Amino acid sequence: MKVGFIGLGGMGSGIARNLINAGHELAVYNRTRSKAEGLARAGARIAATPVEAASGAEAVITMLADDRAVEETIFEPGNAIDSIAAGAVHISMSTISVALSRRLAQAHRQRGQQYVSAPVFGRPDAAAAGKLFVVAAGPAGEVERCRALLDAIGQKTFVAGEDAPSANVIKLSGNFLLTVVIEGLAEAVALVRKSGLDPNAFLEIMTGSLFPSPVYRNYGAMIAADNFEPVGFKLPLGFKDNRLFLAAAEEAEVPVPIASLVHDRFLAALAQGLGEADWAAIARMSFQDAGLRKEAAR
């Protein structure tokens, strides 16, 4: 397919490269042009603007940081929504609000364009390896038309129904569950450390018995070591997703007290200067509450 790809950050670059490797024809756009140059060497065409990336494309994929970036790209005068052809599909892979996804669906429908929401689960290494999990929602025929693209970037696609914002509800809820795992691990490891026990031995027991999961192994290793490098998902982005989950829950009149606690963990971590750390660094707040210093984890 002819694809306009907008957004070449840590996730977008890997996704775009896998689409090129699968034989799709890409025009790529990123505000920082240097991030597109490696893809140009792989066969992509660099577009000067989002409009140019979208023009003539059968599918336009956006993988951007937040609602504001998507709104600026799609809705500002002269940007992509005016250049997407009638019948072409916009695939939004960004983690955005349910409200914005609803707005996108309506705006594309009014212009005779198609819209599929397809956020993904996975970190940049999974994106590069084509091992993401995709949650897609939108008109059944359009989801099926996009299947070759989705199969090229992920190990499995889950179809969440014909209402596009459904995928965003699932994505935000999934990310919330990850923060619950991180918070739970942080509190447990704080107790283990303060009891004079080896947090790595504790983690080995937990992942070898009750929680044999990559999520517990990977985040648990970071938390046990109190080392949040390499950064797979920056803490401010996790904070953004937490706020979007809280907003969706408020609109649906669903109390989410644990999400409110996690919100304060993120805020405290940002106040402590951890804005460049992985989002799992909210664990440091549990350690500080327990009177534990970072050096004690080494």
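Quick notes
- In segment 183-206, the residues that are under 11 Å from ALA224 (Cβ atoms) reach residues that are surrounded by 17 or more Cβ atoms within 10 Å (Cβ to Cβ) and among the charged types (D, E, K, R) with C-beta atoms within less than 7 angstrom, at least six apart or across chains, in these pairs: PRO199/ARG193.
- Out of ALA186, ALA148, ALA107, sole residue that is in the same structural domain as LYS234 (by TED's automatic domain parsing), more than 19 Å from the chain's Cα centre (by Cα) and not charged (D, E, K, R): ALA186
- Within segment 99-156, being of a type in the set (S, T, N, Q), within 21 Å of LEU172 (Cβ to Cβ) and surrounded by fewer than 23 Cβ atoms within 10 Å (Cβ to Cβ) holds for one residue alone: GLN106.
- Residue ID - surrounded by the fewest Cβ atoms within 10 Å (Cβ to Cβ), chosen from residues in segment 176-191 that are β-branched (Val, Ile, Thr) and more than 16 Å from GLN288 (Cβ to Cβ): VAL180
- Inside segment 91-113, residues that are small (Gly, Ala, Ser), touching a residue at least 40 places away in the same chain (Cβ under 8 Å) and part of a helix (DSSP H, G or I) make up a count of 3.
- Residue within segment 79-92 that is surrounded by 22 or more Cβ atoms within 10 Å (Cβ to Cβ), within 15 Å of VAL169 (Cβ to Cβ) and either in the same structural domain as ILE6 (by TED's automatic domain parsing) or among the basic types (Lys, Arg) (or both) present: yes
The values are calculated or read from the model by the stated rules, or taken from the named source; none is laboratory data. This one's a predicted model, so the numbers in the text were calculated from it and none came from an experiment. No Cβ is skipped: glycine too gets one built from the backbone with ideal geometry, and neighbour counts run over all protein chains shown.
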